[in-house]
Amino acid sequence: LGVTYPVAIDNDYAIWNAFNNQYWPAHYFIDAEGRIRHHHFGEGEYAGSEHVIQQLLAEANGKPVASSVVEVKATGAEAAADMNDVQSPETYIGYERAENFISDGGAVQDAAHAYSVGTPELNQWGLSGQWTVHGEEATLDAADGGITYRFHARDLHLVLGPSPDGKPVRFRVTVDGKAPGEDHGVDTDADGNGTVGGQRLYQLVRQKGPVRDRTFEIRFLDPGVQAYSFTFG
């Protein structure tokens, strides 16, 4: 992504827990004296956050800084969310933080299990096929397994990783039972086809028309995929 500055990796949640943080994303603004002067939880308010940074820089340097905000021209999964039309929350697939999971019998923890999913209502989701659900993710044990989600947002993203041996995993996406067509994301084609080749966020749906409740399904043609979380924009 062209990030050239250092990024702290907090795998043990030491920083997260020190702040008693419960949100992601969470922004804490710390001045030159080490005091927390402002915080913001969730997406949005980017211009306001930039003005806080400008204020703290001016205080630290003893002179004004430019007050204009950066104009971002992001595309694909990096494009700003349409927050006015997002009615679906970030959703975790691992059992530690999963909500609104409707597959029959619920999640079986850390053991292979055959799942089925009926007809979800808004913001409900489920697995189909044979999966092993872990605390932070679910791993597909056999080919032709899927995930279904009833959502309301312009964009649907899913954090995925390939099989543990690194082999790519092919998938096919449908929206309301049909190929997405013009509503495909940057990581799918109009027929809904795509491949998981690395561990990252995949943009699978970007609706071009009016946003409404839709039923998303992704079916994996190969085993081994790891699914972590849905985000919407």
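The values are calculated or read from the model by the stated rules, or taken from the named source; none is laboratory data. None of these values were measured; they are calculated from a predicted model. When we count neighbours, we look across all protein chains shown, and the Cβ atoms used for this are built from the backbone with ideal geometry, even at glycine. Only protein heavy atoms, including side chains, enter the accessible area calculation; ligands, DNA and RNA are left aside. Shrake-Rupley method; radii C 1.70, N 1.55, O 1.52, S 1.80 Å.
Relative to its residue count, the chain spans a Cα convex hull of 146 Å³ per residue. Net charge in the neighbourhood of Gln109 (other residues with Cβ under 15 Å of its Cβ; Lys, Arg +1, Asp, Glu -1) is -4. Taking Cα centre as origin and charging only the Cβ of basic (Lys, Arg, +1) and acidic (Asp, Glu, -1) residues, the dipole magnitude of the chain rounds to 340 debye. When Arg214, Arg219 are compared by accessible area of protein heavy atoms, the largest-first order is Arg219, Arg214, using a 1.4 Å probe. Only protein heavy atoms count here; under a 1.4 Å probe, His184 has an accessible surface of about 60 Å². Taking all protein chains as present, what is the carbon and sulfur share of the accessible area of region 158-210, in % to the nearest whole number, probe 1.4 Å? Using a 1.4 Å probe with all protein chains present, region 158-210 comes out at 52 percent carbon and sulfur. Within a Cβ distance under 12 Å of His152, other residues only, what is the Lys/Arg minus Asp/Glu net charge? Within the 12 Å Cβ shell, the charges total -1.
The mean sequence separation of alpha-carbon pairs under 8 Å and at least six residues apart, normalised by the residue count of region 126-233, gives a relative contact order of 41 percent. The Arg35 and Tyr13 beta-carbon pair, evaluated with R₀ = 25 Å, returns a calculated FRET efficiency of approximately 0.60. Per residue, the convex hull around the alpha carbon atoms of region 39-146 comes to 160 Å³. Accessible surface for Ile53 stands near 80 Å², nearest 10, in the context of the full protein assembly shown (1.4 Å probe). In the context of the full set of protein chains, region 110-166 has a per residue accessible area of 35 Å² (1.4 Å probe). Since only Gln130, Gln55, Asn84 are under comparison, the one whose Cα sits farthest along the positive direction of the charge dipole of region 1-133, derived from C-beta charges on Lys, Arg, Asp and Glu, is Gln55. If you take all other residues with their beta carbon under 13 Å from the beta carbon of Gln87, and give Lys and Arg +1 and Asp and Glu -1, the sum is -2. Solvent-accessible area of region 83-146 (1.4 angstrom probe, protein heavy atoms only): carbon and sulfur portion equals 41 percent.
Solvent-accessible surface of region 181-221, averaged per residue with a 1.4 angstrom probe and all protein chains in place: 47 square angstrom. Surface listing: Val173, Val72 arranged by accessible area from highest to lowest gives Val72, Val173, probe 1.4 Å. The shape of region 179-220 comes out prolate: with a ≥ b ≥ c from the C-alpha gyration tensor, a/c is at least 1.5 and a/b beats b/c. Dividing the helix sum by the residues of the chain, where each DSSP H run of 4 or more adds -39500 (n - 2.57), gives a mean residue ellipticity at 222 nm of -2500 deg cm²/dmol. The overall shape of region 90-129, judged from the alpha-carbon gyration tensor, is oblate: a/c is not under 1.5, and a/b is no greater than b/c.
Using 1/(1 + (r/R0)^6) with R0 = 30 angstrom and r between the beta carbons of Leu221 and Arg200, what's the FRET efficiency to the nearest 0.05? The formula returns an efficiency of 0.95 here. Residues of region 31-61 falling in the label zone of Asn20, defined by backbone nitrogen less than 12 Å from a point 7 Å along Cα to beta-carbon, are absent.
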